[in-house]
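Trainee: The structure under discussion is supplied below as structure tokens; questions concerning it will follow.
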Amino acid sequence: MNFALTVNSLSVYYLSHFGTVKAVDDVSFSLEKNQSIGIVGESGCGKSTLGAALLRSVPYPGKIVDGQIILDGQDITKISDDEFDKKIRWKEISMIFQGALNSLDPVFTVGSQMKEILHQHGYSTDDLEVIADSLKSVLLEPSITKKYPHELSGGMKQRTSIAMALLLNPKILVADEPTTSLDVMVQSQIINLLKKLKRDRNMSIVFISHDLGVISEVSETIAIMYRGQIVELGKSYEIYKNPKHPYTEKLVTSIPNIKHKENRPQDLSEKSQGPIRKETGCKFYDGCPYAKEKCRNDPPVINHKNGYIRCWLYE
Ligand code: SF4
């Protein structure tokens, strides 16, 4: 199989005087070329830390403590910061960060912010065609380069952030909550745009979102995260139509559905927040209707054709 990205047993911890937070705990998945994977979970489940780890941008005191991130046959956890910045960031893998609407620098025009990216990577800042092409690919006029972020609408700011992430033509884009804080119409435009970019550029995308409905629309594969671990990985249609892990089941039935009014949103916040609550055993033990005595031990990872489930039920 031709993979754009493979993550093997990745663990990212936040180490502090108050204890260790296992934000990402033994996570594994592969992403095929020109495909997308959706990482879904509630706030605090570790999905944004996972996204940041793929860009080696985990904020202090976070640290990749174990595992591999293989990109083009190379484990990027093992190379120096300098080499990563020069050869990989923006060129091979790039990211739209959560809160991208506010991530543009308010005191510089769009054009000067894009030129700065070119400058940092040794490209000529006189080559305005590269900037214009990137803006056109997200359906923005090149004249926008003269504008300051406050002169743009929410949708235009998000498109600008995407254009910046695509400036050096990366093979993989990590999009962390790309539609959060946009109104519904603009959300759907951005989703359609990302789908088109993936197609046109033969790109692979890692979508990170709390919204399983949105993710299942744009990703061939879905990974459900709970307290730092992927509890279920599989094809999008399988997860959506036939969820197997009890937590995935809860997530799917919590999506409001006008046709099936019996689908009442469930309270997923119960006992579910915070990645360090339990040290051993299944992390969903307190919220699981099928919990049994053996679930006090770490659940096995059961592989199937298209992914895996981390649960004693499928032993
Ligand atoms: Fe529920 Fe046990 Fe499976 Fe955890 S391992 S999800 S507690 S059945």
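The values are calculated or read from the model by the stated rules, or taken from the named source; none is laboratory data. Keep in mind it's a predicted model, so treat the numbers as computed, not measured. We place every Cβ from the backbone using ideal geometry, glycine too, and count neighbours over all the protein chains shown. All accessible areas refer to the heavy atoms of the entire protein, side chains included, with ligands and DNA or RNA removed. Shrake-Rupley method; radii C 1.70, N 1.55, O 1.52, S 1.80 Å.
Trainee: Given the Cα-Cα distance of residue 241 and residue 74 and 0.36 nm per residue of separation, how much length would full extension add, in nm?
Mentor: Values: separation 167, 0.36 × 167 = 60.12 nm, distance 3.57 nm.
Result for the pair: 56.5 nm of gain on full extension.
Trainee: Taking Cα atoms of the chain, Rg/Rh with Kirkwood Rh, to two decimals?
Mentor: Values: Rg = 20.0 Å, Rh = 20.5 Å.
My calculation puts Rg/Rh at 0.98.
Trainee: By how many degrees, between 0 and 90 and to the nearest 10, does the Cα long axis of helix 128-137 differ from the longest principal axis of the chain?
Mentor: 40
Trainee: If you don't mind, another one. Put a dot 7 Å past each Cα toward the Cβ at residue 220 and residue 125; how far apart are the dots in nm?
Mentor: 4.0
Trainee: Determine the per residue accessible area of the chain with all protein chains present and a 1.4 angstrom probe, expressed in square angstrom.
Mentor: Using a 1.4 Å probe on heavy atoms only, each residue of the chain averages 49 Å².
Trainee: For the pair residue 139 and residue 305, how long in nm is the line joining their label points, each one 7 Å along Cα→Cβ?
Mentor: Taking the simple label geometry, residue 139 and residue 305 are separated by 3.6 nm.
Trainee: Let me ask something else about it. Lys/Arg Cβ at +1, Asp/Glu Cβ at -1, dipole of region 5-143 taken about the Cα centre: which of 76, 13, 99 is farthest positive-ward?
Mentor: Working it through, the farthest residue towards the positive pole turns out to be 13.
Trainee: Please give, to one decimal in nm, the separation of the simple spin-label points placed at residue 184 and residue 17, each 7 Å out from Cα toward the Cβ.
Mentor: Taking the two extended label points, one gets 4.9 nm.
Trainee: What is the pair-distance distribution P(r) of region 113-244, computed from all Cα-Cα distances in 10 Å bins starting at 0, with each bin given as a whole percent?
Mentor: All Cα pairs considered, the percentages come to 11, 38, 31, 15, 5, 0.
Trainee: Considering only protein heavy atoms and a probe of 1.4 Å, how much of the accessible area of the chain is carbon and sulfur, as a whole percent? Can you show the working numbers first?
Mentor: Details: 7920 of 15430 Å².
The computed percentage sits at 51.
Trainee: Shifting gears a bit: What are the aspartates and glutamates whose alpha-carbon lies under 14 Å from the alpha-carbon of residue 195, with same-chain residues fewer than 8 places away excluded?
Mentor: Residue 195 reaches 217, 220.
Trainee: Can I ask one more? Take the Cβ-Cβ distance between residue 293 and residue 192 as r, set R0 to 51 Å, and report the resulting FRET efficiency rounded to the nearest 0.05.
Mentor: Details: r = 48 Å, r/R0 = 0.95.
Efficiency computed from Cβ-Cβ geometry: 0.60.
Trainee: How would 220, 151 line up by accessible area, probe 1.4 Å, largest first? Before the final figure, lay out the partial values.
Mentor: Working: 220 55, 151 90 Å².
Ranked from most to least accessible, the order is 151, 220.
Trainee: Here is a follow-up. At 0.36 nm per residue, and after removing the present C-alpha to C-alpha distance, how many nm does the segment from residue 81 to residue 65 gain when stretched out fully?
Mentor: Details: separation 16, 0.36 × 16 = 5.76 nm, distance 1.57 nm.
Result: 4.2 nm gained on full extension.
Trainee: Need the list of lysines near residue 63 for cross-linking: C-alpha distance under 22 angstrom, and skip anything on the same chain fewer than eight residues off.
Mentor: By straight Cα distance, residue 63 reaches 22, 47, 78, 86, 87, 278, 283.
Trainee: Which order do peptides 301-308, 30-37 fall in by mean Cβ count within 10 Å, highest first? All intermediate terms of the calculation are to be shown ahead of the outcome.
Mentor: On the way: 301-308: 14.8, 30-37: 18.8.
Going by the mean number of other Cβ atoms within 10 Å, highest first, we get 30-37, 301-308.
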